[in-house]
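K.L.:
Before we start, here is the structure in question, set down as structure tokens.
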Amino acid sequence: MNVSIVGTGYVGLVSGTCFADLGVNVTCVDCDSQKINRLVYGAIPIYEPGLDNMITRNVTDKRLTFSSDYKQGFIDKDFVFCAVDTTPDENGLTNLDPILDIAKDFGNNINHYSVFVIKSTVPVGTAQHVTKIIRETLDARGAKDMKFDVASNPDFLTEGNGIKDFMKPDRIVIGTETTTARQAMERLYRTILMHNNRNVIYTDTRTAEMIKYAATSMLATRVSFMNEIANLCEIVGADINVVRHGVGTDSRIGPKYIFPGCGYGGTLFPQDINDLIKIGGEHNYDMEILKAVENVNNRQKRILFKKLFNHYKGDLKGKTIALWGLSFKPETDDMSSAPAIDTINLLMEAGCHVRVYDPVAMNATKRRWSSVYCGLDMYDAVKGADAVLLLTEWRQFRIPAWQTVKSLMRSPVIIDGRNVYDIDELEELGFTYYCIGK
Ligand SMILES: NC(=O)c1ccc[n+]([C@@H]2O[C@H](COP(=O)([O-])OP(=O)(O)OC[C@H]3O[C@@H](n4cnc5c(N)ncnc54)[C@H](O)[C@@H]3O)[C@@H](O)[C@H]2O)c1
């Protein structure tokens, strides 16, 4: 089976590599020829645990190739996966142009039946729109009889857990409009489906597109809801950690995505929520809950700064503040919409000196803020600090050598944006400790 993946980012590279590992011949194509060149020479553009070894193995076995020659993405392919980003345009609308361009290239180049599979997150109705574009392109090319199908196969990968999410997915959603396409997709996913056949959802393309948005929005809603409850806990004197336990042990609710914190980030949650609000708006339907989810999150991203501001009674000018963690969550170098961005900007506006440390996301920080000091390690970052703010709960931040931290800081203040530290331990050691919802 020959598959190409157009778009070699988080989704494309992980999916392409995993398909290759399952025995499929995969060509990964990207418009960023530098990225492709680096991949050809073994440089992996993203941080994803386990991916580098898997890429090396499949490249060596000749099941995985990288190409910036676009035609290679379409000729002799049984499936062409579209996994490009859909970054919103200046009006905040999902930019479908790259997908429509790839659809035209598909129509201009395929030489036998092939399935165009949309993995990117796209507005409801996109698969049908893409079908029309491909049909028109084939007609214009004089290839009226060439058969093809379009499938929607939304991706639920979580960065940092991508390989497991692909190999052992909670479910695979396959949206098709024909039996031929459904059977083709079933063949492609057979190895995974053998172990997950109860969790494959076959549906039409519109429903598949909507499932993706609904799932992301539900997760974001849980996070914002718990953050709101956490903020109220602080006001009324309740303990969110115990409340979370009490709520999450209800089998109807479950324990995931209810951890209070300093807000969600990444590309996925903010963009998908925004898209769904817009899709509602286009049909004169006001997505009130999602607007609130977004507002609560924007407020939550400023909460660590607010606690710091209150602690120092607004006198922040000249203070040195250290941040542990920059990526929007552990196990990724992705800083998109991360709470660290808002926090650093607020600290700089208030005249603070900012020192940071993150195990993998330092390069993006250096490029973005030249005046931020990037620590050599987590202890170097806290030297002379008037407070340490924990933004990302990387494992290495979980049990710091507190005596060392205290001896390096100017004032022992810890503001824990992920509720990972023990208040009694820190207070006993002489720290002033703040967390979320307690
Ligand atoms: N990252 C995630 O966790 C995640 C999870 C589920 C779904 N998604 C969705 O999957 C899609 C891809 O996300 P991502 O995080 O992999 O994006 P990404 O930005 O990491 O990668 C996208 C890649 O597509 C390439 N590209 C853009 N236009 C192209 C074109 N016309 N031709 C060829 N290559 C092109 C870019 O150069 C880039 O390498 C998005 O729609 C996203 O919303 C992402």
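K.L.:
Just one of the numbered conditions (1) more than 13 Å from the ligand (Cβ to nearest atom); (2) farther than 20 Å from Thr158 by Cβ; (3) under 21 Å from the mean Cα position of the chain (by Cα) is not true of Arg63; which one?
P.N.:
Among (1) more than 13 Å from the ligand (Cβ to nearest atom); (2) farther than 20 Å from Thr158 by Cβ; (3) under 21 Å from the mean Cα position of the chain (by Cα), Arg63 violates only (3).
Yes/no matrix, rows are residues, columns are (1) within 16 Å of the ligand (Cβ to nearest atom); (2) surrounded by fewer than 20 Cβ atoms within 10 Å (Cβ to Cβ); (3) of a type in the set (Asp, Glu):
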position: Met226; (1), (2), (3): no, no, no
position: Val236; (1), (2), (3): no, yes, no
position: Arg252; (1), (2), (3): no, yes, no
position: Gln271; (1), (2), (3): yes, no, no
position: Lys278; (1), (2), (3): yes, yes, no
position: Glu288; (1), (2), (3): no, yes, yes
position: Asn298; (1), (2), (3): no, yes, no
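K.L.:
Please determine whether any residue of region 272-285 is under 24 Å from the mean Cα position of the chain (by Cα) and basic (Lys, Arg). Step through it out loud before you land on a result.
P.N.:
Kept after step one, since they are under 24 Å from the mean Cα position of the chain (by Cα), are these residues of region 272-285: 272-280.
Then keep just the ones that are basic (Lys, Arg); that gives 278.
Yes: one or more hits.
K.L.:
In region 343-377, which residues are in contact with a Gly (Cβ under 9 Å, 6 or more places away or on another chain) and farther than 11 Å from Leu391 by Cα? Step through it out loud before you land on a result.
P.N.:
Filtering region 343-377 down to residues in contact with a Gly (Cβ under 9 Å, 6 or more places away or on another chain) leaves 343, 350-353, 355-359, 361-362.
Result: Ala350, Gly351, Cys352, His353, Arg355, Pro359, Ala361, Met362.
K.L.:
Are any residues in region 14-30 within 9 Å of the ligand (Cβ to nearest atom) and assigned to a loop (DSSP other than H, G, I, E, B), and if so, which ones?
P.N.:
Asp30
K.L.:
For region 161-195, which residues satisfy the criterion of being charged (D, E, K, R), assigned to a helix (DSSP H, G or I) and either in contact with a Ser or Thr (Cβ under 6 Å, 6 or more places away or on another chain) or within 16 Å of the ligand (Cβ to nearest atom) (or both)? Working first, answer last.
P.N.:
First, the residues of region 161-195 that are charged (D, E, K, R): 164-165, 168, 170-171, 177, 182, 186-187, 190.
From what's left, assigned to a helix (DSSP H, G or I): 164-165, 182, 186-187, 190.
Correct list: Lys164, Asp165, Arg182.
K.L.:
Using beta carbons and a limit of 6 Å, which pairs, at least six apart or on different chains, have the first residue in region 3-19 and more than 19 Å from Asp76 (Cα to Cα) and the second one in a helix (DSSP H, G or I) and among the small types (Gly, Ala, Ser)?
P.N.:
Within 6 Å, the pairs are Val14/Gly162.
K.L.:
Could I ask something else about it? Consider Lys319 against the criteria (1) of a type in the set (Lys, Arg); (2) modelled with pLDDT of 95 or more; (3) under 26 Å from the mean Cα position of the chain (by Cα); (4) farther than 16 Å from Arg418 by Cα: it satisfies all of them except one. Which criterion is unmet?
P.N.:
For Lys319, the failing item is (3).
K.L.:
Something else now. Which one of Asn153, Asn161 is under 23 Å from the mean Cα position of the chain (by Cα) and surrounded by fewer than 21 Cβ atoms within 10 Å (Cβ to Cβ)?
P.N.:
On inspection, the qualifying residue turns out to be Asn161.
K.L.:
Next question. Of a type in the set (Ser, Thr, Tyr), farther than 17 Å from Ile5 by Cβ and surrounded by 19 or more Cβ atoms within 10 Å (Cβ to Cβ): does that describe Thr126? Lay out the reasoning, then the answer.
P.N.:
Numbers: of a type in the set (Ser, Thr, Tyr): yes; farther than 17 Å from Ile5 by Cβ: yes; surrounded by 19 or more Cβ atoms within 10 Å (Cβ to Cβ): yes.
So Thr126 fits the description; yes.
K.L.:
Please tell me if Lys291 is of a type outside the set (A, V, I, L, M) and in contact with a strand residue (DSSP E or B) (Cβ under 8 Å, 6 or more places away or on another chain). Outline the logic, then answer.
P.N.:
On the way: of a type outside the set (A, V, I, L, M): yes; in contact with a strand residue (DSSP E or B) (Cβ under 8 Å, 6 or more places away or on another chain): no.
Criteria not met by Lys291.
K.L.:
Please work out which one of (1) among the hydrophobic types (A, V, I, L, M, F, W, C); (2) within 13 Å of the ligand (Cβ to nearest atom); (3) assigned to a loop (DSSP other than H, G, I, E, B) is the condition Ile211 fails and give its number.
P.N.:
Status for Ile211: all satisfied but (3).
K.L.:
Which residues, taken from region 103-120, are within 12 Å of the ligand (Cβ to nearest atom) and either more than 23 Å from the chain's Cα centre (by Cα) or modelled with pLDDT under 95 (or both)?
P.N.:
Ala103, Lys104, Asp105, Phe106
K.L.:
Being in contact (Cβ under 8 Å) with a residue 24 or more places away in the chain and either outside the structural domain of Pro45 (by TED's automatic domain parsing) or not in a helix (DSSP H, G or I) (or both) narrows it down to one of Thr121, Thr137, Thr131, Thr158, so name that one. Break it down into steps so the answer makes sense when it comes.
P.N.:
Values: Thr137 fails: either outside the structural domain of Pro45 (by TED's automatic domain parsing) or not in a helix (DSSP H, G or I) (or both); Thr131 fails: either outside the structural domain of Pro45 (by TED's automatic domain parsing) or not in a helix (DSSP H, G or I) (or both); Thr158 fails: in contact (Cβ under 8 Å) with a residue 24 or more places away in the chain.
On inspection, the qualifying residue turns out to be Thr121.
K.L.:
In addition: List every residue pair whose Cβ atoms sit under 6 Å apart, with the two residues 6 or more apart in sequence or on different chains, where the first one lies in region 176-188 and is assigned by TED's automatic domain parsing to the domain that holds His129 and the second, anywhere, is assigned to a loop (DSSP other than H, G, I, E, B).
P.N.:
If the second residue must be assigned to a loop (DSSP other than H, G, I, E, B), the pairs left are Arg182/Thr176.
K.L.:
If you go through region 334-343 one residue at a time, do you hit one that is farther than 21 Å from Asn298 by Cα and crowded, with 20+ Cβ neighbours inside 10 Å? Don't jump to the end; show me each part of the working.
P.N.:
As a first pass, look at region 334-343 and keep what is farther than 21 Å from Asn298 by Cα: none.
Within region 334-343, none of the residues are farther than 21 Å from Asn298 by Cα and crowded, with 20+ Cβ neighbours inside 10 Å.
Residues are listed down the side, and each one gets a yes or a no for (1) within 14 Å of the ligand (Cβ to nearest atom); (2) surrounded by 20 or more Cβ atoms within 10 Å (Cβ to Cβ); (3) outside the structural domain of Ala181 (by TED's automatic domain parsing):
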site	(1), (2), (3)
Gly7	yes, yes, no
Gly12	yes, yes, no
Asp32	yes, no, no
Pro45	yes, no, no
Asn53	no, no, no
Asn58	no, yes, no
Gln72	yes, no, no
Asp85	yes, no, no
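The values are calculated or read from the model by the stated rules, or taken from the named source; none is laboratory data. This is a predicted model, so every value here is computed, not measured. For neighbour counting, all protein chains shown are included, and Cβ atoms are generated from backbone atoms with ideal geometry for every residue, glycine included.
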